[in-house]
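Take a look at the structure set out below.
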């Protein structure tokens, strides 16, 4: 086993002590002056240690022309320190190199990045931030809100807990849209990132406007077509029997198209916040009691239904979208549960918040499809969904509404055993 540097230093010192002591003992034997020789040796050893300590101190403080001790423990100690120093210098050079690379990369990023203290004082910023915010290196140490005088941005900056980004149109006098986001890091420091998302924001807006406008324009002609189909079905005694089935199918599909358009319009209103502008305290228990009356009227003879509603449990939100969430989840449970099955609806609270839960004994969903259920028009069983009148937009609406209410949808399912859909709400 190889020895450690410290053990080698001790061994070197003991070797030197043994040799020097042997020389003094030999002189004492020759002269017979044992006490004098021993005292002389101790004085010599003390002077040597003091001189070595003096040399070590001068060498360690990097005094010009100073040399390291050349014998014994001190020589080995200097060698150990030199080795460690070279290793530290090598590591420092590596860290400096990485730091310079990171600094150069952050400077080259097109996203504006600013490091702030917990009091919003500027610590560091990259070139993109300097260009966007018109700040200089001399502004380091100043509060950011004194340099960027935009009320919406300042309110966002002063929030203690930030869980979503801020979108600003016309930021810093520019007719573009920017995405601002703040992250906490390293003992209260904050990192502000500002990204130009004007093109993406416009594309998203165009898509929303197109869906809303197209859906609105399609609704009128489809209503006319559906009206004529209903009139023709009512005149079945005047129409050849051959047309009865095609007319029935066309009527069914036109109703389904109407449902899709209504759902698309609902999604557009949710995304554009036209449905989410006014929040109030909603008596969810009363809302669910009214829904229960309709559900029992439609399904009581076909399914086993269980409602469990906690009295007086309210929620702050927007009534119409939340009602859409509850009815979508309940209707889905009946749609995918065979007749004779059981559907349980629960509204309750616990230490984590309020929960709306729908449990069924239906066909279930394979685990690999669960993450995609809230996508628009996504269906696990396309044929069954179309036959039952599903639009493929119900769970997408549920997800968007819950996102607007800062809530979450949890899904559990087993094929052939059923599913549980739970909405988790935070209560202030």
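Residue check: is residue 340 more than 27 Å from residue 204 (Cα to Cα), touching a strand residue (DSSP E or B) at 6+ places or on another chain (Cβ under 8 Å) and in a loop (DSSP other than H, G, I, E, B)? Break it down stepwise before answering.
Values: more than 27 Å from residue 204 (Cα to Cα): yes; touching a strand residue (DSSP E or B) at 6+ places or on another chain (Cβ under 8 Å): yes; in a loop (DSSP other than H, G, I, E, B): yes.
Against the criterion (more than 27 Å from residue 204 (Cα to Cα), touching a strand residue (DSSP E or B) at 6+ places or on another chain (Cβ under 8 Å) and in a loop (DSSP other than H, G, I, E, B)), residue 340 qualifies.
One residue is enough: does the stretch 282-301 have a residue meeting the conditions surrounded by 16 or more Cβ atoms within 10 Å (Cβ to Cβ) and more than 19 Å from residue 402 (Cβ to Cβ)?
Yes, there is a match, as at least one residue in the stretch 282-301 is surrounded by 16 or more Cβ atoms within 10 Å (Cβ to Cβ) and more than 19 Å from residue 402 (Cβ to Cβ).
Using beta carbons and a limit of 6 Å, which pairs, at least six apart or on different chains, have the first residue in the stretch 9-29 and over 15 Å from residue 75 (Cβ atoms) and in the same structural domain as residue 40 (by TED's automatic domain parsing) and the second one modelled with pLDDT of 75 or more and surrounded by fewer than 16 Cβ atoms within 10 Å (Cβ to Cβ)?
28/34
Collect the residues in the stretch 164-206 that are over 18 Å from residue 118 (Cβ atoms) and assigned to a loop (DSSP other than H, G, I, E, B), keeping them in residue-number order.
Once the filter is applied, which keeps residues that are over 18 Å from residue 118 (Cβ atoms) and assigned to a loop (DSSP other than H, G, I, E, B), the stretch 164-206 yields 164, 165, 170, 174, 175, 176, 197.
How about the stretch 287-319: which of its residues are within 29 Å of the chain's Cα centre (by Cα) and assigned to a helix (DSSP H, G or I)?
Narrowing the stretch 287-319 to residues within 29 Å of the chain's Cα centre (by Cα): 314-319.
319 - this is the single residue of the stretch 287-319 that is within 29 Å of the chain's Cα centre (by Cα) and assigned to a helix (DSSP H, G or I).
Answer yes or no as to whether residue 77 is in contact (Cβ under 8 Å) with a residue 60 or more places away in the chain, part of a helix (DSSP H, G or I), out of contact with any strand residue (DSSP E or B) (no Cβ under 7 Å at 6 or more places or on another chain) and surrounded by 10 or more Cβ atoms within 10 Å (Cβ to Cβ). Write out each step before concluding.
Details: in contact (Cβ under 8 Å) with a residue 60 or more places away in the chain: yes; part of a helix (DSSP H, G or I): yes; out of contact with any strand residue (DSSP E or B) (no Cβ under 7 Å at 6 or more places or on another chain): yes; surrounded by 10 or more Cβ atoms within 10 Å (Cβ to Cβ): yes.
Yes, satisfied.
If I filter the stretch 115-128 for residues that are part of a helix (DSSP H, G or I), in the same structural domain as residue 172 (by TED's automatic domain parsing) and under 26 Å from the mean Cα position of the chain (by Cα), do I get at least one hit?
Narrowing the stretch 115-128 to residues part of a helix (DSSP H, G or I): 127-128.
Remaining after also requiring in the same structural domain as residue 172 (by TED's automatic domain parsing): 127-128.
Adding the requirement that they be under 26 Å from the mean Cα position of the chain (by Cα) leaves 128.
So far as the stretch 115-128 goes, yes, one or more of its residues are part of a helix (DSSP H, G or I), in the same structural domain as residue 172 (by TED's automatic domain parsing) and under 26 Å from the mean Cα position of the chain (by Cα).
Would you say residue 262 is in contact with a strand residue (DSSP E or B) (Cβ under 9 Å, 6 or more places away or on another chain) and surrounded by 13 or more Cβ atoms within 10 Å (Cβ to Cβ)?
No: the conditions fail for residue 262.
Quick test of your reading of the structure: residue 410 fulfils all but one of (1) surrounded by 15 or more Cβ atoms within 10 Å (Cβ to Cβ); (2) at pLDDT 90 or above. Name the failing condition by number.
Looking at each condition in turn, residue 410 falls short on (1).
This table checks each residue for (1) surrounded by 15 or more Cβ atoms within 10 Å (Cβ to Cβ); (2) more than 29 Å from residue 397 (Cα to Cα); (3) free of Cβ contacts under 8 Å to residues at least 24 places away in the same chain; (4) assigned by TED's automatic domain parsing to the domain that holds residue 320.
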position	(1), (2), (3), (4)
215	yes, no, no, no
218	yes, no, no, no
224	no, no, yes, no
228	no, yes, yes, no
234	no, yes, yes, no
241	no, yes, yes, no
244	no, yes, yes, no
251	yes, no, no, no
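Would the stretch 141-163 turn up any residue that is in contact with a strand residue (DSSP E or B) (Cβ under 6 Å, 6 or more places away or on another chain), closer than 13 Å to residue 193 by Cβ and part of a loop (DSSP other than H, G, I, E, B)?
Yes, there is a match, as at least one residue in the stretch 141-163 is in contact with a strand residue (DSSP E or B) (Cβ under 6 Å, 6 or more places away or on another chain), closer than 13 Å to residue 193 by Cβ and part of a loop (DSSP other than H, G, I, E, B).
Give the residue, chosen from 18, 58, that is at negative phi and at pLDDT below 80. If you could, list the steps in order and put the result at the bottom.
On the way: 58 fails: at pLDDT below 80.
The unique qualifying residue is 18.
Tally time: how many residues in the stretch 354-380 are farther than 17 Å from residue 417 by Cα and modelled with pLDDT under 90? So that I can check it myself, show each step before the final result.
Start the filter on the stretch 354-380 by keeping residues that are farther than 17 Å from residue 417 by Cα, which leaves 354-356, 371-379.
Then keep just the ones that are modelled with pLDDT under 90; that gives 371-379.
Looking only at that region, the number is 9.
Since residue 210 meets every condition but one in (1) loosely packed, with under 15 Cβ neighbours inside 10 Å; (2) assigned by TED's automatic domain parsing to the domain that holds residue 124, which condition does it not meet?
(2)
For the condition surrounded by 16 or more Cβ atoms within 10 Å (Cβ to Cβ), touching a helix residue (DSSP H, G or I) at 6+ places or on another chain (Cβ under 8 Å) and in a loop (DSSP other than H, G, I, E, B), what is the one hit in 28, 68? Quick ask: steps written out before the conclusion?
Values: 28 fails: in a loop (DSSP other than H, G, I, E, B).
The unique qualifying residue is 68.
The values are calculated or read from the model by the stated rules, or taken from the named source; none is laboratory data. Not measured: the values here are computed from a predicted model. Every residue, glycine as well, gets a Cβ built from its backbone with ideal geometry; the counts of neighbours run over all protein chains shown.
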